[in-house]
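First up is the structure itself, then whatever we jot down about it.
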Amino acid sequence: MRTVSFQGTGLSHSQRLRMDQQQAIARSFINPILQAQVDQTIRTLDERKEQGAKSEKVWFLDYEEKGTPCVAEMAGYTL
């Protein structure tokens, strides 16, 4: 039989106050317009997922080089 101890998991009064202050500050920094746009986007994505639509391809490969990169070429020097 295992013994589980929750000793030390409680917050002290000062820790609780600090956490409450951090949460209040975080809520005040959230832009309500941005939050509404994010919520709308998430709802739209969930609806599309339920309908079985594939997600848009955001990232794509432009080109692929082979070989070792040279710092001189990045600086504009040609060999």
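The values are calculated or read from the model by the stated rules, or taken from the named source; none is laboratory data. Just so we're clear, the structure is a prediction, and the values are computed from it rather than from any experiment. Positions of Cβ are generated from backbone atoms using ideal geometry, with glycine treated the same way; all protein chains shown enter the neighbour counts. Surface accessibility is based on the protein's heavy atoms, side chains included, excluding ligands, DNA and RNA. Shrake-Rupley method; radii C 1.70, N 1.55, O 1.52, S 1.80 Å.
For this structure, a couple of remarks:
- Cross-chain or 6+ apart pairs with Cβ under 9 Å, the range 38-59 first and without any contact (Cβ under 8 Å) to a residue 12 or more places away in the chain, then open to solvent by less than 100 Å² (accessible area, probe 1.4 Å): Glu47/Ala53; Lys54/Arg48; Ser55/Leu45; Ser55/Arg48
- Counted residues, the range 39-79 - those being assigned to a loop (DSSP other than H, G, I, E, B) and open to solvent by less than 100 Å² (accessible area, probe 1.4 Å): 6
- If the condition is being under 20 Å from Val58 (Cβ atoms) and surrounded by 10 or more Cβ atoms within 10 Å (Cβ to Cβ), then the range 27-38 contributes Gln37, Val38.
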